[in-house]
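Structure, as structure tokens:
Taken together, the values in this text are just the output of simple stated rules run on the coordinates, not laboratory data. These figures come from a predicted structure and were not determined experimentally. Ideal geometry is used to build each Cβ from the backbone, glycine not excepted, and the neighbour counts take in all protein chains shown.
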Amino acid sequence: MRHSIRAVVFVVLSALSCANAGAQTPAAAQDDVAQLRRELETLRREYAERLAALEGRLNALQGGAQAPVPAAPATPEPPPAAATQAPTAAVPAGAEGAGGPAGSLPVYGGMAAASKVFNPDISAIGDFIGAAGRTPGGGEPSLQLHEAEVGLQAVVDPYARADFFLTYGPDEVGVEEGFITFPTLPGDLLVKVGKMRDAFGKVDGMHNHILPWTDRPLVSQNLVGGEDALADAGISVSRLIPIPGLFLEATGQIYRGESAVFKAPTRGDLAYVGHLRYYQDVSESSNVDLGGSVAYGHNGAGPDTTTRLFGVDATFRYKPLRRAIYTHVLGRAELVWSRRQDVAGPAQNAFGGYGYLEYQFARRWFAGARYDYSEHADADSLVDKGGSFLLTYWPSEFSQVRGQYRHTSFADGRRANEFLFQFQFSIGAHGAHPF
């Protein structure tokens, strides 16, 4: 606006100068011409500086080196100190930029941001576990790097994003998950395609480093496949069901049928998983999370033998944000029923579950207790029971130290009393996990 007014004044003065040239004395006319020339050169210099600043900012945003600000064109007649010059607009402190009030504003990280525009977010998580105590055989080694997980995550285009999680362990090197997500499909559907963890219950979908325990419950190991669970290559479709005042999500998954539980004899023997989740805020400090799950697939015992899984899970959270921001209580329980067909006899029915209670009593300290009960999928007369006490310390969101005392009573009468300790550490931009 300031420069527009100057241009208008310049035109008006030029017209008046031409109209009154005959009425002025030669000396007065020369003074007016000199004044107008000074005004014109001032406008040229300021516009040249602004153009150079804009070019520098454009180069920085495009990833190139910021173009040097060229010097303003030389003025044939430097204006005297008393000459009239347009005032400069005030610039807030700290926003002057490298070139002063008339220079370009600073661009922080322009080249660095442009250099990684085609690179995914990369993260790495280490999970170190140690074990001590008496066990009747098997169990965790005394010391081991249980898992090293590398995550690669990025937006593919405006319609999809990709997530890869590579796992490196003592007995496995492979892809834990690798899928593409389409969040904006018609009908408000969210679709995932690739290899992924299943949506059965709560524990199956969790990576090792977000478990609230050092190990997985007995029911997960005996009935639902343990650490790998039902993870497989497949397609997942989920949708939020709009109901005022609550959160309801339905998920359906189709898998190839090759996992720790399912074994497909032929290409057409697929495995299926369904999950319905209900979430509700009870108050500003508490909420409940309920779920029901079902899974079906061939188990490989015979050409037509199948396994059916049914599960329910419930979670209650309490966190009084107004009164105690470093205190919360979490209670969770999960029950699973398994019906496994066998060619040698009738179907085997097995039941199992766990209950867990966690209490945060300080800013970085958590205490918990878990009870386990589980029959075996192929022999419902065999029952394993166990109990654990846990203490977890979080130095920061990037590291964690945990200790767990675990007692297990196996179906054959063996007993195990063990102490497990865990160190977890992460680097990089690891994405958030489901709540």
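What are the residues whose amide H is under 5 Å from the amide H of ARG161, where those residues sit 5 or more places off or on another chain and H is modelled from the backbone?
Residues meeting the criterion, in which the H sits 1.01 Å from N, are VAL156, THR181.
Could you work out how much longer the chain between PHE421 and PHE247 gets when fully extended? Use 0.36 nm per residue separation minus the Cα distance between them, nm to one decimal.
Length gained, PHE421 through PHE247: 59.0 nm.
With a point put 7 Å past each Cα toward its Cβ, work out how far ALA362 is from TYR405 in nm, to one decimal.
Each label point lies 7 Å from its Cα, and together they span 1.8 nm.
Could you give the distance between the Cα centres of segment 154-184 and segment 288-342, to the whole Å?
A separation of 24 Å, based on Cα centres.
What ranking of TYR359, TYR326, TYR373, TYR255 emerges when the number of other C-beta atoms within 10 Å of each C-beta is taken as an exposure proxy, fewest first?
Placing the least packed residue first, the sequence is TYR326, TYR359, TYR373, TYR255.
With the Cα gyration tensor of segment 163-227 giving a ≥ b ≥ c as the square roots of its eigenvalues, does the rule (a/c under 1.5 for rounded; else a/b larger than b/c for prolate; else oblate) give rounded, prolate or oblate?
Taking the square roots of the gyration eigenvalues as a ≥ b ≥ c, segment 163-227 is oblate.
So, by mean Cβ neighbours within 10 angstrom, what's the order for 387-398, 204-215 with the highest one leading?
Top of the packing list down: 204-215, 387-398.
Cα centroids of segment 118-132 and segment 210-269: how far apart, whole angstrom?
23 Å
Using 0.36 nm times the number of residues separating ARG339 and ARG45, minus their current alpha carbon distance, what extension gain do you get?
Here the segment from ARG339 to ARG45 would lengthen by 97.4 nm.
7 Å from Cα along Cα→Cβ at both TYR371 and LEU391: what's the point-to-point distance in nm?
In this crude spin-label approximation the distance works out to 2.3 nm.
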